[in-house]
Amino acid sequence: MKLTTKILIGLGLGALTGLILNIFSPEVFSILDKFLFTPLGKIFINLISMLVVPIVLFSIILGTAGLGDPKKLGRIGFKTISYFLMTTAVAIIIGLSLSFLIKPGMIGEFDTKGTDFKAEEAPPVSETMLNLIPANPFEALTSGNMLQIIVFAIFIGLALTALGEKTKGIFRLIEQGNDIMMYLVGLVMKFAPYGTFGLIATAIGSQGLDAIQAMGIYMLVVILALVLHALATYGSSVYFLGRMNPLKFFKGFSPAMGIAFSTSSSNATLPVSMETAQKNLKVPESVSSFVQPLGATINMDGTAIMQGVATLFIAQVYGIDLSIGELATVVLTAVLASIGTAGVPGVGLIMLAMVLQSVGLPVEGIGLILGIDRLLDMARTAVNITGDAACAVIVAESEKKHVEKTSISGIRSGQSFEYTE
């Protein structure tokens, strides 16, 4: 049986087990959750999280060094960030549009009392940009500050390229370190179906039907927007820009999507998503190693959709009309916040608090969606990492043209070029 099938079985059994126990025996669920479901999920997340920082460090160094020419690095970086920003804007617009059409905040009655939510203060974009360069790289590694780790790794990769033969031993050591990490990913993935079972059983069992029914329309709008964005935005961009059949793309990347759905963490899923993109989607390691860690840090299309839907939902519940200018502010703030709050724990709700404050909506309204946010977080994380993979496929396809041009010019000048990935 394939690993993907096992993970899907784990997802289904976990959801069914959690739902049945929540309905018929909450007491038994609390016991099993404490001694079985939560430990299974915690062990799995810890196993993957253990590998995240070294994989990001090794892969970004190898990706940068593999790109070689700083111009190529700048070209790929520009394409990657441009794609992320554009798809994030499209995601928010899809969320806002569906909220306008369905009006989830006007269906049913919502108790706005007792929905206190204390918003953590998110750092401004300017502060995040200034803190990109780590004062202490080892502190960045131990604290898991992904943006700082990425910047530090890019510097090392550029140095390895510039020094060439002098640092051949270090480059080989980093390659071997990356091979070790990928081998460990394979070992950890054998535990994935059981970890997935535990995580889903906990999520569904702790929420139950009451929370799902109360927020059913809101959940429906978010999920509909996520599916539409994945199929229309990613499917079309992969087909037209990446020259890949969307069915092949989604089928090949489905194992990583399943892990993202259960863990609700782009960073935790990174080792799996990179391995899946490289093996199943044939993305060159140098491109995957650069694009996907960066995307896991700053690309949050699924979260952006939640922000668009939640903003209008809260506005509708409180009876507040937003102008065209305020809606434009929502789009702009959320796009910038997707970079500005990268690496902050609970990033989705912090970003939403920023968006609500930007248009004068009550931040306390976040309390209305807290109950089922854990379930939706799983779905939007799967969309987030799918966007990273789509970008990697598109960048890899676009770089083929530059390789072909280089080869042709090399032949004309009597030189030979060898392109390996």
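What follows draws every value from the coordinates through simple rules; no lab data is involved. Keep in mind that this is a model prediction, so the values were computed, not measured. In this analysis, Cβ positions are derived from the backbone assuming ideal geometry, glycine residues included, and neighbour counts consider all displayed protein chains.
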| What number of residues within segment 169-205 satisfy the criterion of being over 26 Å from the mean Cα position of the chain (by Cα) and surrounded by fewer than 16 Cβ atoms within 10 Å (Cβ to Cβ)? | 5
| message | With the requirement that a residue be assigned to a helix (DSSP H, G or I) and free of Cβ contacts under 8 Å to residues at least 40 places away in the same chain, what does segment 233-249 give you? | response | G235, S236, Y239, F240, P246, L247, K248
| query | M274 is checked against (1) over 18 Å from the mean Cα position of the chain (by Cα); (2) assigned to a helix (DSSP H, G or I) and fails just one. What number does that condition carry? | reply | (1)
| query | Residues of segment 250-271 being in a helix (DSSP H, G or I), among the polar types (S, T, N, Q) and more than 19 Å from F58 (Cβ to Cβ), which ones? | reply | S254, S262, T263
| How about segment 128-147: which of its residues are over 16 Å from I61 (Cα atoms) and either of a type in the set (A, V, I, L, M) or surrounded by fewer than 12 Cβ atoms within 10 Å (Cβ to Cβ) (or both)? | M129, L130, L132, A135, N136, E139, T142
| said: If I go through segment 309-324 residue by residue, how many of them are on the phi < 0 side of the Ramachandran plot, assigned to a loop (DSSP other than H, G, I, E, B) and without any contact (Cβ under 8 Å) to a residue 24 or more places away in the chain? | reply: 2
| field | Residue check, K42 closer than 23 Å to L270 by Cα and either charged (D, E, K, R) or without any contact (Cβ under 8 Å) to a residue 12 or more places away in the chain (or both) | value | yes
| remark: How many residues of segment 277-308 are of a type in the set (A, V, I, L, M), buried (at least 24 other Cβ atoms within 10 Å of the Cβ) and in a loop (DSSP other than H, G, I, E, B)? The answer is 2
| query | Counting only residues that are among the β-branched types (V, I, T) and touching a Gly at 6+ places or on another chain (Cβ under 7 Å), which one in segment 70-92 is nearest to A153 (Cα to Cα)? | reply | T87
| said: Regarding segment 148-168, can at least one residue be identified that is crowded, with 17+ Cβ neighbours inside 10 Å and within 21 Å of I45 (Cβ to Cβ)? | reply: yes
